[in-house]
1. Taking the Cα-to-Cβ direction at Thr422 and at Asp308 and moving 7 Å from each Cα, how far apart do the two end points lie in nm?
2. At a 4.7 angstrom Cβ threshold, list every cysteine in the chain that has nobody to pair with, or say none.
3. Which whole DSSP H helices in the chain pass both tests: a Cα extent of 20 Å or more along the axis and a mean Kyte-Doolittle value no lower than 0.5?
4. List, in order, the whole-Hz ³J(HN,Hα) value for each residue of region 98-108 obtained from phi through the Karplus relation with A = 6.51, B = -1.76, C = 1.60 and θ = phi - 60°; use x for Gly and Pro.
5. For Ala107 and His280, what is the calculated FRET efficiency with R₀ set at 51 Å and r taken between the beta-carbons, to the nearest 0.05?
6. Between [x] -0.44, -0.82, -1.05; [y] -0.27, -0.61, -1.05; [z] -0.38, -0.77, -1.14, which entry matches log10 I(q)/I(0) by the Debye sum over Cα atoms at q = 0.06, 0.09, 0.12 Å⁻¹ as derived from the coordinates of this structure?
7. Which FRET efficiency value, to the nearest 0.05, do you get for Ile149 and Arg288 by plugging their Cβ-Cβ distance into 1/(1 + (r/R0)^6) with R0 = 60 Å?
8. Once a ≥ b ≥ c are taken as the square roots of the eigenvalues of the Cα gyration tensor of region 263-407, is the result rounded (a/c under 1.5), prolate (a/b larger than b/c) or oblate (a/b not larger than b/c)?
Amino acid sequence: MTSSIAPCAEGAAAPAGALDPLAASSPAGPTPDPGRAAAARLAADAFERRRLVARRVPFDAIPRGAWDRLLAVTACATPFNRWQFHRAWWDGYGEAAHEDYMVCLEAGAAFARMAPDSERPTAALLDPGAIVAIAPLMHRHEVEPDDAILHTAIRHAPTTAQTALPGRAKAIFFAASYHADYATLLCDPADLPDVAAAVVATLAAGPDLSHGSDDWDVVDLRRLRADDPALPALEAAFCVAAARHGWEVSRELEEVCPVLEVDHWDWETYLQTLSTKDRHELRRKLRRAEAAGEVEFEEIHDPASGVDEFVAMHQARWGDDGLFPDTEGGARSRRFFRRLAELEGPGGTLRIGRLRVGGKPVFMCAGFHDGNAVYYYNAGSDPEARALSPGVIGVAWYLQHGLAEGTRVFDFLRGNEGYKYTWGAVDRSIHRLIVTRGAPIHPPAEGRTDTR
């Protein structure tokens, strides 16, 4: 599957000096998309209004209470947007990137009126109640010199060919997005046009001088869900600014996340939704496991106590092709995952599950539970138990466990591996916004992929 390039000219950009983004559509060009056109109008109004100001701040300067408050009202929030995930990512991979977080405040707020480079803010300078939004961003080069030796794999089946960008380009990404499956802005959906305009205006105003005088070459925002209102808001804001600054903006399909919607079903109701062949095959494998010994699935109460066992099981299945190889990259992954488990703790969103057959662990999984959805993050299995199909029976028991807890959505996350569809999952697309400084953005060549 190749990704599609959707430039501003399809209804979201403004010509130089214009305020009406719809004026960018050529009579001979494609018909503007109504939703994107509406977002474009809101973006143009937001740039004129200048209600909010975005200020760069260190991650540690953002009050935890403000983060949690904004996460609670974010339209497409997931566990990947939690403070705990970001804290763990910087603890594990902090050497791989530089923080570029922003907070948005009303233009009249005291901190908002400060010169951007007048003082590096601390939490003491920020009133948690005054923060309207958080834009979790970071910057690094598209390719760093040590990326190859630090590489680990969290996903194994890239869905689309991706637009390749110059390796030495200084790029703005969503923070922690290398190991997240979804990313977004943290704010009330009603504030999104103003938030996006403020963030884009700050990106247009020059670099964060605390990290040097070189400005960004590309904004490369990945992991945006197709149904996330932050996607059209950001796209429209960048397109309005593009007309003024000579940028090029495009949006493309990045990946798919196969998702199973179960809507309060029990296990037997779910089984009836499968094809006769798949249902028969699943029941056959479950019976075979039961014949080999008692089958037990349990969630480890404190995920931190299960990290080492999970890592070992993952390594047994994936080895050097997994997330925890015996390399410096694998060491960083272990540090990240252990820290995440510590921060989430008992009762948090991170869950580690273990499946035993005849008393022997044959499968372990790590996922996130937010009360509505289960996000199947990663897993491992015992190669010596291959005859028992531990991956299949492990997912079956994990899904049964989720259904018993009232789960409505089981999200297999990024990648179009065939096994996900045998469970009845349907693709949800996630998108990538790319902004460059005037150089044309070329569609990806067939077969060229970016597995990040």
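FYI, it's all coordinate maths here, none of it is from the lab. Only a predicted model underlies this, so the values are computations on that prediction, with no experimental measurement involved. Methodologically, a virtual Cβ is constructed for each residue, glycine included, from the backbone with ideal geometry; neighbour enumeration extends over all protein chains shown.
1. Result for the modelled spin labels: 3.4 nm.
2. Cys with no partner Cβ under 4.7 Å: Cys76, Cys104, Cys187, Cys257, Cys365.
3. On the way: long enough: 34-49 (22 Å, -0.21); 230-245 (22 Å, 1.06); 276-292 (24 Å, -1.86); 328-344 (24 Å, -1.05); 390-404 (21 Å, 0.83).
Long hydrophobic helices here: 230-245, 390-404.
4. Whole-Hz 3J(HN,Hα) from phi for region 98-108: 10, 4, 9, 5, 10, 10, 10, 10, 4, 4, x.
5. Working: r = 63 Å, r/R0 = 1.24.
Using R0 = 51 Å, I get an efficiency of 0.20.
6. Read-out from the structure maps to [y].
7. Numbers: r = 42 Å, r/R0 = 0.70.
Here the calculated transfer efficiency is 0.90.
8. oblate
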